[in-house]
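What follows is calculated from the coordinates using simple rules that are stated; it is not laboratory data. Everything quoted here is computed from the prediction, not taken from an experiment. All Cβ positions, glycine included, derive from the backbone under ideal geometry; neighbour counts span all protein chains shown.
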Amino acid sequence: MITVNCDIGERGATHPVDIELMSYIGMANIACGGHAGDEESIKAFRDLAKRLGVKVAAHLSYPDKENFGRFSMDIPFSKLSQSLDSQYSLMSDVKIVKFHGALYNDANVDYSLATNLILWMKMNGIEEIVTPFDSILADEARKVDIQVFPEAFAERRYTYDTKLRQLLLVNRKKDYASIHDCDEAVEHARKIITEKKVFAFNDKDGELVKEEYPIEAQTICIHSDSAIALELAQKLAKI
């Protein structure tokens, strides 16, 4: 059984789509103020999650609300750690974490950042991390007995980095980075769930080539700000 998770609480405490999404997901990654969210939205979605029996994770980010946490930040880890401390203090009883946006992507490929984040997690008693199965962050988590909840994305496309030998999300600057058709996103997710395979899009000599790669995932993510989020959640709930 696959769990559908959703990055949530990024548009205030009363956003109608976010509220309705909660009825179709198994886990809510609640924004903790780094890229979005505040105490009011955290409380609202935690209360709703408790009422609906939805698991929650702390959704932590680079401290960059202006850019919604979607750009890498060249800051000392000591400064990032202070921000993560502040964000996590709003959900410190929750022992599962998912990083957001650029921090999520950077931690998956940057050994130094990944190891520092793992140390920070151990110091805070965090027991589980939501991250791609083949990421550096996942590898480092397993070394210190932090449970890995391997994740794939329902409405994002993948590429394959031959140097890292790793599946990565297509950069959002590319016009094919996101899937905008709900039925296509459902089939994309279904392939991951049932076949444990995904199509990756690679630029070879100026030509975009679609190739199949193995993937492991126990949870499929939907971004709440995707235009197809609600319809997609409703359809995935039936798989």
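Structure notes:
- Fraction of beta bridges assigned by DSSP in the chain that are antiparallel (%, nearest 5): 30
- Answer label for Rg and Dmax of the Cα atoms in Å (calculated), chosen among (1) 18.4, 53; (2) 16.9, 52; (3) 17.6, 52: (2)
- Cα shape, segment 132-185, gyration tensor, a/c 1.5 rule: oblate
- Taking each residue as 0.36 nm, the span from Ala227 to Lys143 lengthens on full extension beyond its C-alpha to C-alpha distance by 26.4 nm.
- Straightening the chain between Arg190 and Tyr111 buys 25.3 nm, computed as 0.36 nm per residue apart minus the Cα-Cα spacing.
- For segment 79-222: relative contact order, % (alpha-carbon pairs under 8 angstrom, 6 or more apart): 19
- Global form of segment 121-239, assessed from the alpha-carbon gyration tensor, a/c cut-off 1.5: oblate
- Of the trypsin sites (Lys or Arg not before Pro) found in segment 182-231, none is in coil by DSSP with at most 11 other Cβ atoms within 10 Å of its Cβ.
- Order of Phe71, Phe149, Phe99, Phe77 under a 10 Å beta carbon neighbour criterion, fewest first: Phe71, Phe77, Phe149, Phe99
- Sites matching GluC sites (Glu not before Pro) across segment 9-69 that sit in DSSP coil, with at most 11 neighbouring C-beta atoms within 10 Å: Glu66
- Estimated dipole of the chain in Debye, rounded to 20 [Cβ of Lys and Arg +1, of Asp and Glu -1, Cα centre]: 400
- Distance-filtered residues of segment 10-47 - backbone nitrogen under 18 Å, label point 7 angstrom along Ala177 Cα→Cβ: 35-36
- Checked against a 29 Å cut-off, the cross-linked pairs Lys43/Lys173; Lys143/Lys235; Lys65/Lys174 give Cα-Cα distances beyond that limit for Lys43/Lys173; Lys143/Lys235.
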